[in-house]
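Here's the structure we're looking at; comments come further down.
The values are calculated or read from the model by the stated rules, or taken from the named source; none is laboratory data. What you see is a predicted model; the values in this text were computed from it and never measured. Virtual Cβ from ideal backbone geometry, glycine too; neighbours counted across all protein chains shown. All accessible areas refer to the heavy atoms of the entire protein, side chains included, with ligands and DNA or RNA removed. Shrake-Rupley method; radii C 1.70, N 1.55, O 1.52, S 1.80 Å.
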Amino acid sequence: MDRPTTPSRPPLRSVLLRSRKHTVLGVDPQHLIRWFFGGNASIAVIVLVLIMIFLLREGIDFLPTYRHELQTYRRAGLEFCDIIDQPLQQNQTLSSSLRQAISASLETLSKSARDRRDAAFLLKRQIEDKTTRTSESLSQALEKTPPLPPAELAKLRSEVQKAAAAASASLTYPDLFSAAEREQLQREFAALTPEVTDLPPLLQTLAADFTAKDREARTKFASLVQAQEEFEAATEPLQAVVDELKQHAQETKENAVEFEVLETNRLRLLEAAAKEKDPDEKASLIKEASASFTEAVNLAERIQAITSRATELREQVEKYAQVIEKAAAVLPTDAGTGVARTMVNDVREGIPVHAQAMRKAAAQLDSWRWDKPVSIFTVIGAFFFGTSWITNSSWQDFFGFVPLLSGSLVIAFIAILIATPVSVVAAIYTNQFASEREKELIKPVIEFIQAIPSVVLGFIGISLVGNLIKDVSEWSWLQWVPGFPIQERLNMFNAGCLLAFMAVPTMFSLSEDALNNVPRAYIDASDALGATKLQTVFRVIVPAGISGILSAILLGLGRVIGETMVVLLVAGNRIAIPDFSAGPGAIFQPAHTLTGIIAQELGEVSRGSSHWQALFMVGIVLFAISLLVNWCARAVARRFEPHKA
Amino acid sequence: MSADSAAKAKPPPVVQVRDMDFCYGTSKALFDINLEVKYHRVTALIGPSGCGKSTLLRCINRMNDRVPSARVTKGEVLVKGKNIHDTDVDLTQLRKQVGMVFQKSNPFPKSIYENVAYGLRIHGEKNKNLLDEAVERSLRHAALWDELKDRLSANALALSGGQQQRLCIARAIATLPDVLLMDEPCSALDPISTLKIEELMSQLAREYTIVIVTHNMQQAVRISDFTAFLHLGKLVEFSPTEELFTNPREKLTEAYLRGTFS
């Protein structure tokens with residue numbers, strides 16, 4: 001611009017930044033500097049776009065691939081078998097609860113006899129343990145050839161007797177036995193030697209007692225036992241037909257897949273041959289290609305073997321349904337203890353539903369067409385609403401997204417539910433009530449949590465939190481908590497707790513910033529009206545900072561959903577939709593997550609397979625969720641931002 | 001005798017400042033201030049920047065308490081005859097008696113209604129009817145009722161600057177304070193809004209005692225009954241406004257009024 005009026009040379013800086021005479025590669029250096037700065041600023045945008053493109057490139061092929069797989073599933077008749085096979089699984093669930101009910105019922109009658117028998121045998125085992133050394137030396141001596149002199153044997157025998165007497169005297173006999181019985185037991189135990197193989201008489205009596213009681217119980221609940229056996233046996237003829245069809249269908253599928261592989265290979269060879277210039281090479285390629293030629297599988301013909309059995313299958317289903325309904329009708333209403341009764345009642349109600357489901361499934365067989373094309377919407381639905389994620393299956397792989405999504409969401413929900421109060425309250429305290437010294441302690445400590453590697457947290461979750469939750473869940477006065485006592489140490493609640501811990505620093509810092517940004521003037525006004533500190537905080541500062549706090553919570557949610565290591569280690573990795581019918585206790589079930597599945601499986605699948613693509617598809621969805629959550633956080637911050645006066 | 005009878009006839013001064021020294025840490029901000037604010041009168045505090053006008057104003061409702069190390073080191077401040085630094089004084093009650101309006105309008109990011117009702121709510125008023133009445137009365141007194149009665153639930157931050165400042169006045173008078181402190185209430189406003197606020201103040205003076213800090217000497221002349229001139233932390237002159245502006249006793253006052261320094 002303005003040239004310095006002094007004759008001296010302008011300083012270097014002005015030459016660099018202002019001179020218009022100098023150009024670098026024909027470009028004004030000012031522009032170069034601008035581009036350099038602008039380029040650095042846009043790197044983030046470029047990388048983000050590249051990530052999106054890469055994810056989409058790998059993942060978008062998933063839909064056609066999965067469509068093709070589902071088509072094979074249908075063409076080969078696997079789908080047909082599953083129509084019947086899937087609802088039939090319910091039989092196992094029902095019969096296993098029946099079995100449990102039976103053992104619970106038998107328990108009520110035979111428990112005391114069994115306890116007495118078991119206690120006596122336990123005592124005998126203890127005696128034997130204590131006298132092992134002496135009795136072993138005796139039995140070795142007895143086996144020796146030529147036999148030892150009787151005097152030595154007698155000495156060993158007396159040693160055994162002494163040891164047994166001492167051991168039997170030192171035992172504590174439980175209250176299950178009366179005084180006379182205890183005495184008799186002690187006497188009999190003292191007489192135990194390896195030479196006598198018969199059980200002591202009292203033990204024999206106890207065992208006989210139990211057998212009698214058990215038999216009595218079984219006769220009493222004979223109808224229940226019989227119903228259970230009938231119910232279980234009812235599937236057999238149906239299952240036999242289904243298994244036969246399944247085997248046939250699977251053969252078809254294997255052949256079809258093999259044909260496809262060979263055919264693709266052959267076409268590739270031919271293509272290479274067409275491009276090849278060297279005639280020898282070309283000839284050998286063509287030869288190789290023709291070697292891998294196979295007959296295509298005649299799907300229409302093979303499916304005949306399956307569809308022709310539809311009528312038979314329907315009849316079998318009807319027969320099965322009638323048998324189990326009959327079994328349900330004879331289920332006794334008074335089956336022992338309360339637990340058993342509820343179980344039996346549940347089963348009695350469950351059987352007609354199951355039978356109905358089977359009949360409905362059988363009715364579907366008619367409308368099923370092997371050559372009906374699989375529409376792309378079906379495929380999208382099968383991915384986004386599919387309830388099973390089954391990979392490396394010998395039958396059929398399914399990539400249903402719901403189990404993973406539900407695991408991720410439940411864990412994130414737990415984590416946010418725990419982390420929100422903790423971090424927001426801590427932020428309010430630190431920002432408004434803490435002294436300077438407290439601030440100096442609290443802020444760095446909370447922010448340090450962020451520096452803990454997540455794998456270390458996962459380790460803590462496995463070794464510490466899991467055991468802690470399990471122990472606590474066994475405290476008798478906490479049994480009213482749904483889900484207690486818990487079955488699995490590694491579960492969604494455990495992962496949620498650790499993720500909450502990880503989300504706290506983010507949410508704390510952002511909430512604290514939000515409170516800090518509340519204009520001083522609001523506080524002045526509230527103070528001048530005579531508000532107490534608490535009133536100012538809860539009526540003015542928190543409401544004014546609520547947008548920032550909400551956005552902090554949402555950003556915490558984004559962090560929690562994207563976290564991988566902790567959930568992989570701690571969530572239990574069971575790929576199933578949590579059983580929400582168990583009520584709030586469902587949070588103590590293990591689950592798998594969107595992030596965890598990618599981390600766990602991506603390293604093991606072959607590149608480009610449908611499984612690989614499915615994982616990328618999961619990645620795309622995860623990416624979309626994160627974007628959405630972040631966008632919401634920004635929108636919330638903007639929406640509730642008070643207009644600046 | 002005559003002094004006694006006069007005191008009985010007239011209400012006592014609402015605010016009395018006696019021999020007060022005030023310090024921020026080790027630096028003294030106010031020296032030996034003596035001031036009496038008369039009942040239902042407007043008292044203006046004028047003086048050059050940094051002379052301690054605002055500090056003196058904030059001594060009256062102890063807003064200075066919030067600044068660590070700021071304290072009154074000598075003398076006392078009485079509101080309605082009660083020393084406000086006595087240990088039995090409830091700060092929230094004091095501030096209910098002594099309302100304050102700030103330089104920059106600072107309505108809460110809440111509805112107009114909630115802004116006005118805030119003072120009553122924090123002092124425990126829950127009765128909806130009483131709150132409604134108080135809001136209407138305060139808005140009427142602040143000459144806002146006719147403008148805003150149809151949109152009481154609108155966000156206060158959507159109002160214009162002048163309306164916001166009048167809303168702040170309405171908020172301050174909702175608790176029926178004895179004294180209303182105003183810290184340069186018009187300095188951020190345009191002339192028309194300033195005029196409205198000045199009109200409002202002369203109306204309010206019928207029912208409230210007002211202490212106003214102002215930079216604008218014409219404003220002091222227009223609205224105040226008494227004027228105190230402060231310079232470098234000292235109260236140079238305190239007399240009826242007309243007297244101070246037409247016939248100042250002190251040379252310093254005269255020089256300031258003439259604009260020799262500011």
Residues in the stretch A:133-140: is at least one in contact (Cβ under 8 Å) with a residue 24 or more places away in the chain, touching a Pro at 6+ places or on another chain (Cβ under 8 Å), closer than 30 Å to A:GLU260 by Cβ and not basic (Lys, Arg)? no
Positions within the stretch B:59-101 being in contact (Cβ under 8 Å) with a residue 40 or more places away in the chain, charged (D, E, K, R) and at the interface with chain A (Cβ under 9 Å from one of its Cβ atoms), in sequence order: B:LYS96
Tally, over the stretch B:55-91, of residues that are assigned to a helix (DSSP H, G or I), more than 26 Å from B:ASN216 (Cβ to Cβ) and out of contact with any helix residue (DSSP H, G or I) (no Cβ under 7 Å at 6 or more places or on another chain): 2
Among residues belonging to the stretch B:207-262 that are in a loop (DSSP other than H, G, I, E, B) and hydroxyl-bearing (Ser, Thr, Tyr), point out the one that is most open to solvent (accessible area, probe 1.4 Å). B:SER262
Go through the stretch B:24-43 and give me each residue that's open to solvent by 10 Å² or more (accessible area, probe 1.4 Å) and of a type outside the set (Ser, Thr, Tyr). B:GLY25, B:LYS28, B:ALA29, B:PHE31, B:ASP32, B:ASN34, B:GLU36, B:LYS38, B:HIS40, B:ARG41
If you go through B:GLY47, B:GLY52, the only one that is touching a helix residue (DSSP H, G or I) at 6+ places or on another chain (Cβ under 9 Å), more than 14 Å from chain A (Cβ to nearest Cβ) and buried (at least 22 other Cβ atoms within 10 Å of the Cβ) is B:GLY47
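Conditions tested, residue by residue: (1) open to solvent by less than 10 Å² (accessible area, probe 1.4 Å); (2) touching a Ser or Thr at 6+ places or on another chain (Cβ under 7 Å); (3) aromatic (Phe, Trp, Tyr).
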| position | (1), (2), (3) |
| --- | --- |
| A:ILE486 | yes, yes, no |
| A:LEU490 | no, no, no |
| A:CYS497 | no, no, no |
| A:PHE501 | no, no, yes |
| A:PHE508 | yes, yes, yes |
| A:ASN516 | no, no, no |
| A:PRO519 | no, no, no |
| A:THR532 | no, yes, no |
Of the conditions (1) open to solvent by 60 Å² or more (accessible area, probe 1.4 Å); (2) within 14 Å of chain A (Cβ to nearest Cβ); (3) within 22 Å of B:TYR39 (Cα to Cα), the single one that B:ALA158 does not satisfy is (3)
Exactly one of B:TYR118, B:TYR39, B:TYR113 is touching a helix residue (DSSP H, G or I) at 6+ places or on another chain (Cβ under 7 Å), of a type in the set (Ser, Thr, Tyr), more than 9 Å from chain A (Cβ to nearest Cβ) and at negative phi, and that residue is B:TYR113
Considering residues of the stretch A:210-234 that are open to solvent by 20 Å² or more (accessible area, probe 1.4 Å) and either basic (Lys, Arg) or within 30 Å of A:TYR73 (Cβ to Cβ) (or both) only, the residue nearest to the chain's Cα centre (by Cα): A:GLU232
Restricting to the stretch B:134-172, name every residue that is within 16 Å of B:THR194 (Cα to Cα), in contact with a Leu (Cβ under 8 Å, 6 or more places away or on another chain) and of a type outside the set (A, V, I, L, M, F, W, C). B:GLY161, B:GLY162, B:GLN163, B:GLN164, B:GLN165, B:ARG166
Do we find that A:LEU109 is in contact (Cβ under 8 Å) with a residue 12 or more places away in the chain and either touching a Leu at 6+ places or on another chain (Cβ under 9 Å) or farther than 30 Å from A:MET358 by Cα (or both) in this structure? yes
In the stretch B:125-144, is there at least one residue being within 9 Å of chain A (Cβ to nearest Cβ), part of a helix (DSSP H, G or I) and of a type in the set (Val, Ile, Thr)? no
Here is a list: A:GLY556, A:GLY572. Which entry is over 14 Å from the mean Cα position of the chain (by Cα) and either away from every other protein chain (no Cβ under 14 Å) or of a type in the set (D, E, K, R) (or both)? A:GLY556
